[in-house]
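These notes are about the structure you will find just below.
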Amino acid sequence: MKYVDVILPVPLEGTFTYTVSDEIAVACATGVRVLVPFGKSKTYAGVVVRVHDNGAPVAESKLKGVLSVLDASPVLLAHQLRLWQWIASYYMSPIGEVLNAALPAGLKADTAYRIKTETYLKLAPSYCSEQALHVALNMLSRSYRQHETFMCYLHLAGFDEASPSDDASWQPNEVTREELMNEARCTSAIVKRLTEQGFLKVYEKEVGRLNHAGQPHPENIHPLSEPQQQAYDAILKQWKTRPVVLLHGVTSSGKTEIYIHLIQKAIDEGLQVLYLLPEIALTVQMTQRLRRVFGDRLGIYHSKYSDAERVEIWRRQLSARPYDVVLGARSAVFLPFQKLGLVIVDEEHESSFKQQDPAPRYHARSVAIVLARMFNAQTVLGTATPSMESYYNAQTGKYGLVSLSTRFSGVELPETDVVDIKDLRHRKLMNDPFSPQLLKAMREAFSEGKQVILFQNRRGFAPMVECRVCGWVPKCKNCDVSLTYHKRLNVLTCHYCGYTIPVPHVCPNCENPNLSGRGYGTEKVEDLIAELFPEVRVARMDLDTTRTRNAYERLIGEFGAGCTNVLIGTQMVTKGLDFDKVAVVGILDADSMLNYPDFRAYEQAFMMMSQVSGRAGRRGRRGRVILQTRSPGLPVIQQVVHNDYASFYKDLLAEREMFRYPPFYHLVYIYLKHKQDGLVEIAAQEMGALLRHIFADRVLGPDKPSVARVKAMSIRKIVIKLENGIDQHRVREQLMHIRQQLLDQKAYRALHIYFDVDPI
């Protein structure tokens, strides 16, 4: 009797053992998908991780058998399985949740992936000679539509220019049924009649769902400037001793050109490249740049692609002709690679690389480094504003460090003006989100035919609505948050659970009709700009305007082509985008980022402000940044103004060491959730006591997070600070044991407990 251990897409620990018949065992191998029963009536498609005859962990009579094998060859390679196991272990997440995150939905289904085919037409063999063609045309002359359609086919296939009798090696062009119907403007019935009469033959051909970008053009690679060449050579030199190198280059210094040269070098050596970006929006411009050089050697992988497209890319990577370069968001780390030689993590500081919900809560940067290590591949982390952890690793010698301190072509970094909006509002010189300085700079930019980017890290029209008489604020029924006002839809929405209600006409508390929005989001900024500058064209880039697949391409394409004058956005507009005509960047409210209750608030605020500032003046004249704040004297504001990352890093590092935060300590957040607030409070206190018994003063809490109720679930949070060098494996064993100890109690069986390792 043979047995197989299978990973199932369920949030349960470990693998599941099934029996397998001798007939099926032949087709079973590590990495293939099998259809198995689970529970009383469910069936799942799982992935085999082991075939053995060592017996079962339970009585054989209790084991169920594999129903069928879904693949002729493995869909999961050995290194991918090792990566899954590492993620499950390090981030303390069931491996079934890793499977759910890694595989496209089409590979988790119990039905086989359907190859996309297209119907093609070809000339019947009996009519391939010139004489026979004349006979066919005479036969069709009585039917005008059939005759015209047949003539159209001959034209599309190239028979009007050549024929087999002229050249034995000549082959007609392939013509699809759809192409013929469009060109001849005929119906499917006409084409069907031609095939029934034997003039044309129908055949099916497998086609890719993805667009083909044409042949590679390495001659389109631009030569590097002297500073870029020095940085390129330094990276290659550092790789000899350190497999991971941090490229710290100011905005618009030409990091992408260095990446392109590194990619070409890897391809020349017969190796594959993984290029990670934090936002799907960034893939639009980057795809255009890379396709000009690498053509159809480039594959794109992210969540905006359809499931069928993602399955196709996955299978392509398993084939004999995989993509040489894969550009994608964080999920691209899960793709199968055969000869990975280079990993590029662009904008490595970005928090978007960290997966939040659903589990596993992995960090794509860390996973990418581990993946590269499995192949002995090289890794480059690129950014203008390194994360504290990466820069610390570079400073301590764990990573290599290469600096690029000048912009390409000698363009100066933008001039930053700090505007004290507290003083302006006090003197009644400012009522809306725009200071006089910002409005003046915008007018000057528009008069010169330049563009403007406005950064406001809140979407919607207003963060909350309030009754001016009694102070009533509409709140979500499922979460402890106020509802955000979306004017265009005339609704109030919770950005945590999606709960939506119409905007009330009167206050339900006092029946006062005077309800007003407080604060402003991107939607309100858009309306105000349209009022102040009716002659300019405005675009908005946030989660509300980029839900569709092609929204990014449209917004970025129109702004890049100069069709819009102002781009208003959230953090989507802060990084990686490259526009020639942006002269002014306005940071409307720096304080909303600085005053966030999180130890990373200053770090993330510095990064976002520095990054969005870098969108200005990338070509030609020096750009200008208007930074609006109520606290102009804060050191971090001046560090942004002077682009002084070294000073910022030094100040923040001392603070982190004093209060035991990364990079000196590893953090683990433990979340407990339950519908009953009283029960989750008791459970959290009990778990906190158990943790303190082992980890002593490393444990903080339990406490309520800033939003203590989400989707009708009450939440408690426990923080554990672990010094560098502690036995991480032992820590994880203890944490999992305590978690299980709590869940084994009858009262806590409905409790949801999960870990967030290295939280952002």
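A few points about this structure:
- Strands (runs of 3 or more DSSP E) wholly inside segment 669-760 that include at least 1 residues being hydrophobic (A, V, I, L, M, F, W, C) and under 29 Å from residue 493 (Cα atoms): 713-723, 752-757
- Subset of segment 653-692 [free of Cβ contacts under 8 Å to residues at least 24 places away in the same chain and outside the structural domain of residue 734 (by TED's automatic domain parsing)]: 654, 655, 657, 658
- Residues (surrounded by 21 or more Cβ atoms within 10 Å (Cβ to Cβ) and hydrophobic (A, V, I, L, M, F, W, C)) located in segment 552-578: 555, 556, 559, 566, 567, 568, 572, 573, 577
This table checks each residue for (1) surrounded by 15 or more Cβ atoms within 10 Å (Cβ to Cβ); (2) touching a Ser or Thr at 6+ places or on another chain (Cβ under 6 Å); (3) in contact (Cβ under 8 Å) with a residue 60 or more places away in the chain.
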site	(1), (2), (3)
412	no, no, yes
423	no, no, no
448	no, no, yes
461	yes, no, yes
489	yes, no, no
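- If the condition is being exposed (fewer than 15 other Cβ atoms within 10 Å of the Cβ) and assigned to a helix (DSSP H, G or I), then segment 171-194 contributes 178, 182, 183, 188, 189, 192.
- Condition check for residue 602 on (1) assigned to a helix (DSSP H, G or I); (2) out of contact with any strand residue (DSSP E or B) (no Cβ under 8 Å at 6 or more places or on another chain); (3) among the aromatic types (Phe, Trp, Tyr); (4) in contact (Cβ under 8 Å) with a residue 60 or more places away in the chain: one failure, at (4).
- Residue in segment 458-472 that is within 27 Å of residue 561 (Cβ to Cβ) and of a type outside the set (Phe, Trp, Tyr) present: yes
- Those residues of segment 392-416 which are in contact with a helix residue (DSSP H, G or I) (Cβ under 6 Å, 6 or more places away or on another chain) and not aliphatic (A, V, I, L, M), in sequence order: 399, 400, 406, 414, 416
- Residue ID - farthest from residue 683 (Cα to Cα), chosen from residues in segment 726-760 that are under 28 Å from the mean Cα position of the chain (by Cα) and among the aromatic types (Phe, Trp, Tyr): 755
- If you go through segment 463-490 and pick out every residue that is in a strand (DSSP E or B) and in contact with a Cys (Cβ under 7 Å, 6 or more places away or on another chain), you end up with 1.
- So residue 19, is it within 24 Å of residue 358 (Cβ to Cβ) and of a type in the set (S, T, N, Q): no
- Subset tally (residues that are modelled with pLDDT under 90 and farther than 21 Å from residue 476 by Cβ) for segment 513-545: 3
- Whichever residue in segment 695-728 is on the phi > 0 side of the Ramachandran plot and touching a residue at least 60 places away in the same chain (Cβ under 8 Å) and, among such residues, is surrounded by the most Cβ atoms within 10 Å (Cβ to Cβ): 711
- Residue match in segment 307-321 (condition: touching a residue at least 24 places away in the same chain (Cβ under 8 Å), surrounded by fewer than 24 Cβ atoms within 10 Å (Cβ to Cβ), outside any helix (DSSP H, G or I) and in contact with a helix residue (DSSP H, G or I) (Cβ under 8 Å, 6 or more places away or on another chain)): no
- Matching strands (runs of 3 or more DSSP E) fully within segment 8-90 where at least 1 residues are at pLDDT 90 or above and within 28 Å of residue 369 (Cβ to Cβ): 42-52
- For segment 360-436, the strands (runs of 3 or more DSSP E) that sit wholly inside it and include 3 or more residues that are under 24 Å from residue 644 (Cβ atoms) and under 28 Å from the mean Cα position of the chain (by Cα) are 378-383, 400-404.
- Residue list for segment 265-288, restricted to those being out of contact with any strand residue (DSSP E or B) (no Cβ under 9 Å at 6 or more places or on another chain) and surrounded by fewer than 18 Cβ atoms within 10 Å (Cβ to Cβ): 268, 288
- Residue-level analysis places residue 473 among those that are surrounded by fewer than 21 Cβ atoms within 10 Å (Cβ to Cβ) and over 30 Å from residue 611 (Cβ atoms).
- Odd one out for residue 326, checked against (1) at pLDDT below 95; (2) within 20 Å of the chain's Cα centre (by Cα); (3) of a type in the set (A, V, I, L, M); (4) surrounded by 19 or more Cβ atoms within 10 Å (Cβ to Cβ): (1)
- Strands (runs of 3 or more DSSP E) wholly inside segment 491-553 containing at least 3 residues that are under 22 Å from residue 465 (Cα atoms): 491-493, 500-502, 515-518
- The residue of segment 117-142 that is modelled with the highest pLDDT, among those that are surrounded by 14 or more Cβ atoms within 10 Å (Cβ to Cβ) and assigned to a loop (DSSP other than H, G, I, E, B), is 124.
- Selection status of residue 479, at pLDDT 95 or above, touching a strand residue (DSSP E or B) at 6+ places or on another chain (Cβ under 6 Å) and more than 23 Å from residue 538 (Cβ to Cβ): yes
The values are calculated or read from the model by the stated rules, or taken from the named source; none is laboratory data. Bear in mind that the values here come from a model prediction, so they are computed numbers and not experimental data. Reconstructed Cβ throughout: ideal geometry from the backbone, glycine too, with neighbour counts over all protein chains shown.
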